[in-house]
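Colleague: This structure is in structure tokens; I'll ask about it shortly.
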Amino acid sequence: QVQLVESGGGLVQAGGSLRLSCAASGYMISIYAIGWYRQAPGKSRELVAFTAPGGSTNYTDSVKGRFTISTHNIKTPVYLQMNSLKPEDTAVYYCNAGLLVDREYRSTKYWGQGTQVTVSS
């Protein structure tokens, strides 16, 4: 089993910053990539960024240059540093333990509980 616990959400004004944390633990956790997803009201869940074993990272276009994901180290949480936040970044953010298939991230059943991020204009 894999356990994921997020923290670090909150309310921030546009242009501000937040850092989310995903503490990952469990059986063979080191083989998993860790992805950050978000889900805004009325929208489907989208992959924001992921970090793979070995250190590679990837971002969705809308957050490139603003968000930074730390590399996956079983000794420390995976962080998502979010800068220059916009109201459209408002969502519940989830971390997931996933797998890479042909360099594409595939989510698994292992999800954290989610943390709310609200960006006011």
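Colleague: Take S84 and decide whether it is touching a residue at least 40 places away in the same chain (Cβ under 8 Å), out of contact with any strand residue (DSSP E or B) (no Cβ under 6 Å at 6 or more places or on another chain) and over 17 Å from F50 (Cα atoms). Outline the logic, then answer.
Modeller: Working: touching a residue at least 40 places away in the same chain (Cβ under 8 Å): yes; out of contact with any strand residue (DSSP E or B) (no Cβ under 6 Å at 6 or more places or on another chain): yes; over 17 Å from F50 (Cα atoms): yes.
Judged against the criteria, S84 is a match.
Colleague: Pick from the stretch 40-49 the residues that are touching a residue at least 24 places away in the same chain (Cβ under 8 Å) and touching a Phe, Trp or Tyr at 6+ places or on another chain (Cβ under 7 Å): which of them is most open to solvent (accessible area, probe 1.4 Å)?
Modeller: Step by step, filter the stretch 40-49, then rank; the result is R45.
Colleague: Output yes when any residue across the stretch 59-71 is at pLDDT below 95 and either surrounded by 12 or more Cβ atoms within 10 Å (Cβ to Cβ) or not in a strand (DSSP E or B) (or both), and no when none is.
Modeller: To start, the set of residues in the stretch 59-71 that are at pLDDT below 95 comprises 71.
Checking which are either surrounded by 12 or more Cβ atoms within 10 Å (Cβ to Cβ) or not in a strand (DSSP E or B) (or both) leaves us with 71.
Checking the stretch 59-71: at least one residue is at pLDDT below 95 and either surrounded by 12 or more Cβ atoms within 10 Å (Cβ to Cβ) or not in a strand (DSSP E or B) (or both).
Colleague: Specify which of the listed residues (A14, A33, A52) is under 19 Å from T108 (Cβ atoms), touching a Leu at 6+ places or on another chain (Cβ under 7 Å), surrounded by fewer than 20 Cβ atoms within 10 Å (Cβ to Cβ) and not β-branched (V, I, T).
Modeller: Details: A14 fails: under 19 Å from T108 (Cβ atoms); A33 fails: surrounded by fewer than 20 Cβ atoms within 10 Å (Cβ to Cβ).
Answer to the check: A52.
Colleague: Tell me which of these Y27 doesn't satisfy, since it passes every other one: (1) open to solvent by 30 Å² or more (accessible area, probe 1.4 Å); (2) of a type in the set (F, W, Y); (3) closer than 22 Å to S7 by Cβ.
Modeller: (3)
Colleague: Give the stretch 38-64 a look and list any residue that's under 16 Å from P77 (Cα atoms) and touching a strand residue (DSSP E or B) at 6+ places or on another chain (Cβ under 6 Å), or say none.
Modeller: Passing the criteria: A49, F50, T51, A52, T57.
Colleague: Looking for something under 22 Å from T118 (Cα atoms) and modelled with pLDDT under 95 - is there at least one such residue anywhere in the stretch 34-41?
Modeller: Of all residues in the stretch 34-41, those under 22 Å from T118 (Cα atoms) come to 35-41.
Imposing the further condition that a residue be modelled with pLDDT under 95 reduces the set to 41.
So far as the stretch 34-41 goes, yes, one or more of its residues are under 22 Å from T118 (Cα atoms) and modelled with pLDDT under 95.
Colleague: Give the residues of the stretch 75-103 that are surrounded by 14 or more Cβ atoms within 10 Å (Cβ to Cβ), β-branched (V, I, T) and over 11 Å from the mean Cα position of the chain (by Cα), sorted by residue number.
Modeller: T90
Colleague: Residue pairs, Cβ under 7 Å, 6 or more apart or interchain, first in the stretch 96-121 and more than 21 Å from S17 (Cα to Cα), second open to solvent by 50 Å² or more (accessible area, probe 1.4 Å) and among the hydrophobic types (A, V, I, L, M, F, W, C). List them.
Modeller: N96/W111; Y105/L47; R106/L99; T108/L99; G112/V5
Colleague: Hey, another quick one. Answer with yes or no whether A97 is at pLDDT below 95 and either in contact with a Gly (Cβ under 9 Å, 6 or more places away or on another chain) or assigned to a strand (DSSP E or B) (or both). Before the answer, list the steps.
Modeller: Numbers: at pLDDT below 95: no; either in contact with a Gly (Cβ under 9 Å, 6 or more places away or on another chain) or assigned to a strand (DSSP E or B) (or both): yes.
Criteria not met by A97.
Colleague: Would you mind telling me which numbered condition in (1) assigned to a loop (DSSP other than H, G, I, E, B); (2) at pLDDT below 95 Q113 fails?
Modeller: (2)
The values are calculated or read from the model by the stated rules, or taken from the named source; none is laboratory data. All values reported here derive from a predicted model rather than from experimental measurement. No Cβ is skipped: glycine too gets one built from the backbone with ideal geometry, and neighbour counts run over all protein chains shown. Ligands, DNA and RNA are stripped out before the accessible areas are found, and what is left, the full protein with its side chains, is counted by its heavy atoms. Shrake-Rupley method; radii C 1.70, N 1.55, O 1.52, S 1.80 Å.
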